[in-house]
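The structure appears right after this line, and notes come after that.
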Amino acid sequence: MPSLSNRSRNNMKGLHPDLIKLIEAAIEEVDFVVLEGSVRTREQMMINYGKGRSAKQLAVFGIPAKYAKPAEAKVTWLSNPFNSNHRVHGDGFGHAFDACPFPVNWDDTKSFRKMGDVFKRVAGELGVNIEWGGDWKKKDYPHIELH
C-alpha cells in the first residue's frame with residue numbers, strides 16, 4: 001500500500017485540514033507525491049506568474065522585471081497573480097495543493113486522470129468540495145483546490 005513520503009508530509013504544512021484528510025485518504029488508493037501544498041510565498045507567486053510573461057505584463061501588478069521569463073511556458077493563468085488558492089486565506093490555511101502520480105512521469109496523462117478521479121471520489125465520500133485542474137479548459141493536472 002502506498003504511503004506519504006516525508007517530502008509530501010512537509011509539503012502539506014499549512015494546508016486546510018479538509019485537504020489533509022483528503023490526501024491521507026487518497027494515498028491509500030493511488031500513489032502520488034505532494035509537490036506543493038505548503039502555502040505559496042508572495043515571491044513564489046511572482047516567479048510563477050513571470051513564466052511566459054514580459055516585464056511590461058508583470059509591471060501591471062508591481063512585479064519586478066527580474067521575474068519576467070517570456071520564453072518559458074506559462075504555469076498560471078490567473079488574472080491576478082496574488083489570488084492563488086495556494087496563498088494563506090482568511091482562515092489561516094492554503095486551499096490548494098499540487099500532486100503528481102508516483103513514479104513521476106509528466107507525460108502520463110492517464111495516471112494523472114486516475115489520480116484526479118480518486119481525489120474527486122474520495123472528496124465526495126469525505127464531504128469535501130474540491131475542483132481538480134484536470135477538469136478545467138486549461139488543464140492543470142497536478143492541481144486540487146477547495147471549492
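The values are calculated or read from the model by the stated rules, or taken from the named source; none is laboratory data. Computed from a predicted structure; not experimentally measured. Heads up, the Cβs are rebuilt from the backbone with ideal geometry, glycines too, and the neighbour counts pull from every protein chain shown.
Looking at the structure I just gave you, is His16 under 17 Å from the mean Cα position of the chain (by Cα), surrounded by fewer than 18 Cβ atoms within 10 Å (Cβ to Cβ) and not hydrophobic (A, V, I, L, M, F, W, C)? If you could, list the steps in order and put the result at the bottom.
Details: under 17 Å from the mean Cα position of the chain (by Cα): yes; surrounded by fewer than 18 Cβ atoms within 10 Å (Cβ to Cβ): no; not hydrophobic (A, V, I, L, M, F, W, C): yes.
In short, no.
Quick test of your reading of the structure: Ile20 fulfils all but one of (1) touching a residue at least 12 places away in the same chain (Cβ under 8 Å); (2) in a helix (DSSP H, G or I); (3) in the same structural domain as Asn6 (by TED's automatic domain parsing). Name the failing condition by number. Failing condition for Ile20: (1). When the stretch 68-95 is limited to residues that are modelled with pLDDT under 95 and of a type in the set (A, V, I, L, M), the one that is nearest to Phe32 (Cα to Cα) turns out to be Val75.
State all residues of the stretch 67-113 that are charged (D, E, K, R) and either surrounded by 14 or more Cβ atoms within 10 Å (Cβ to Cβ) or part of a strand (DSSP E or B) (or both); if no residue qualifies, say none. The answer is Lys69, Lys74, Arg87, Asp98, Asp108, Arg113.
Selection of the stretch 101-122 for residues being of a type in the set (A, V, I, L, M) and at pLDDT below 95 yields only Val104.
For the stretch 127-147, taking the residues that are hydrophobic (A, V, I, L, M, F, W, C) and surrounded by 13 or more Cβ atoms within 10 Å (Cβ to Cβ), the one that is nearest to the chain's Cα centre (by Cα) is identified as Ile144. Filtering the stretch 32-44 to residues that are of a type outside the set (A, V, I, L, M, F, W, C) and surrounded by fewer than 16 Cβ atoms within 10 Å (Cβ to Cβ) leaves Ser38, Thr41, Arg42, Glu43, Gln44. If only residues of the stretch 45-63 that are without any contact (Cβ under 8 Å) to a residue 24 or more places away in the chain and part of a helix (DSSP H, G or I) are counted, the one that is surrounded by the most Cβ atoms within 10 Å (Cβ to Cβ) is Gly50.
Criterion first (surrounded by 15 or more Cβ atoms within 10 Å (Cβ to Cβ), under 14 Å from Glu145 (Cα atoms), assigned by TED's automatic domain parsing to the domain that holds Lys138 and of a type in the set (A, V, I, L, M)) does Ala26 satisfy it? Spelling it out, it is not the case that Ala26 is surrounded by 15 or more Cβ atoms within 10 Å (Cβ to Cβ), under 14 Å from Glu145 (Cα atoms), assigned by TED's automatic domain parsing to the domain that holds Lys138 and of a type in the set (A, V, I, L, M).
Evaluating Asn6 against the criteria (1) touching a residue at least 24 places away in the same chain (Cβ under 8 Å); (2) surrounded by fewer than 17 Cβ atoms within 10 Å (Cβ to Cβ); (3) assigned by TED's automatic domain parsing to the domain that holds His147 leaves one unmet condition, (1).
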